[in-house]
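The values are calculated or read from the model by the stated rules, or taken from the named source; none is laboratory data. Here the structure is a predicted model, which means the values were calculated and not measured. When we count neighbours, we look across all protein chains shown, and the Cβ atoms used for this are built from the backbone with ideal geometry, even at glycine.
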């Protein structure tokens, strides 16, 4: 199959599609980042305030509820996948649904709701790829559309998690593809992810607007794990299973109730998220940005300034961001990855004040365990917890694996409390025969 001309044509198509999708993703992330600064920094300064007052999140979060509610009520589709139902990688939305996905995600992310950009970008990348294929050939087979859609999703999050390999593992594990078809879908996806990574790097160099990739710099060196750290790994895994299941339960409990009266209850949900941020500021004196947003930009800062956070402040951060996360899952549109990582990191930091648990292993175990509970993707959770820690990742991988496995298995005991949903496949309709994928690729 790899020697056929049609498969080479499919690879070329995946590479070509990856370029505009990666550029569109970069532009979307820049607009979100710039809008966040404009709403929470520039506007307060423009009206004569030295800094945003404590009550300021009420305004953008109320507006987020109004805008997302209107989008879900009146635009085609559902504005993307409901995040309370778990992480799902696809399939590709219909072209008519793309405006609703973009608007709902932009209002969610730009106005401070506690969700990340990865799920909307995956849907957007797959949808744009489908549009490109259908423009080239209206009668393109479903098999070819499915593979190119997956490649578009790969390209869209190629560097969002700090590495194209990490994004690829996220999509592969969430898709559930295996056997020979994994290789058929994987190779075009990896190619699109590699092209997307180059586009991100090039746009950053040319524009200077930022990388928008997750990175944690200047971590202290750690040695090999010991018996005490393996004990902590078990405890952290169990704690994450309980905390993550409660957060998911809150989202699933609220979701049908909000859905019945979107235009009334969505603004109230936004006010609830704002209330969590305000309460955190009043109790700890820290910035409301710790609670608001996905945590992607705040995570490196939190870790770098770990010494500035007391155990009490970290516990408050976990509690208030966890509540805001659960409310956000219920009705807004975004991804669950970054808030889970942020809460897990805060938990690991808090426990690192105990004897025998250094900071970096605590971070790895907390990030991995909470990600495993919220994403239900154990392999991706291990990689999230270790690849982001650079040279320290290999040293702490054994204890991170233990924490992830314990959290993953223990959280299954809470299925009745927070029912898990199975991940959708990357492709809307996975091809039954590999030859169907490439048979029309050249003509497409």
TODO: Considering only region 316-350, state which residues are closer than 19 Å to residue 61 by Cβ and in contact with a strand residue (DSSP E or B) (Cβ under 8 Å, 6 or more places away or on another chain).
DONE: 334, 335, 336, 338, 339
- [ ] Show the residue pairs that are 6+ apart or on different chains and have beta-carbon atoms under 6 Å apart, the first residue being within region 48-62 and assigned by TED's automatic domain parsing to the domain that holds residue 332, the second being assigned to a loop (DSSP other than H, G, I, E, B) and at pLDDT below 95.
- [x] none
Open item on the list: Going through 400, 372, 395 one at a time, which residue ends up being part of a helix (DSSP H, G or I), under 19 Å from the mean Cα position of the chain (by Cα) and in the same structural domain as residue 272 (by TED's automatic domain parsing)?
Closed with: 372
Task: Test set (1) modelled with pLDDT under 95; (2) within 27 Å of residue 278 (Cβ to Cβ) - residue 316 fails condition number - done: (1)
Task: Options 41, 25: the member that is in contact with a helix residue (DSSP H, G or I) (Cβ under 9 Å, 6 or more places away or on another chain) and either farther than 22 Å from residue 155 by Cβ or buried (at least 24 other Cβ atoms within 10 Å of the Cβ) (or both) - done: 25
Task: Sole residue being touching a helix residue (DSSP H, G or I) at 6+ places or on another chain (Cβ under 6 Å), at pLDDT below 80 and crowded, with 21+ Cβ neighbours inside 10 Å, chosen from 222, 185 - done: 185
Open item on the list: Could you go through region 283-297 and let me know if any residue there is within 16 Å of the chain's Cα centre (by Cα), surrounded by fewer than 19 Cβ atoms within 10 Å (Cβ to Cβ) and either assigned to a helix (DSSP H, G or I) or not assigned by TED's automatic domain parsing to the domain that holds residue 71 (or both).
Closed with: yes
Open item on the list: Just to check your reading of the model, which residue among 93, 82 is surrounded by 18 or more Cβ atoms within 10 Å (Cβ to Cβ) and free of Cβ contacts under 8 Å to residues at least 40 places away in the same chain?
Closed with: 93
Open item on the list: Going residue by residue through region 48-59, is there one that turns out to be part of a helix (DSSP H, G or I) and either at pLDDT below 90 or closer than 30 Å to residue 281 by Cα (or both)?
Closed with: yes
Open item on the list: For region 329-341: of the residues being part of a helix (DSSP H, G or I) and touching a helix residue (DSSP H, G or I) at 6+ places or on another chain (Cβ under 6 Å), which is surrounded by the fewest Cβ atoms within 10 Å (Cβ to Cβ)?
Closed with: 330
- [ ] Output the number of the condition that residue 137 fails; it satisfies all remaining conditions of (1) within 24 Å of residue 383 (Cα to Cα); (2) out of contact with any helix residue (DSSP H, G or I) (no Cβ under 7 Å at 6 or more places or on another chain).
- [x] (1)
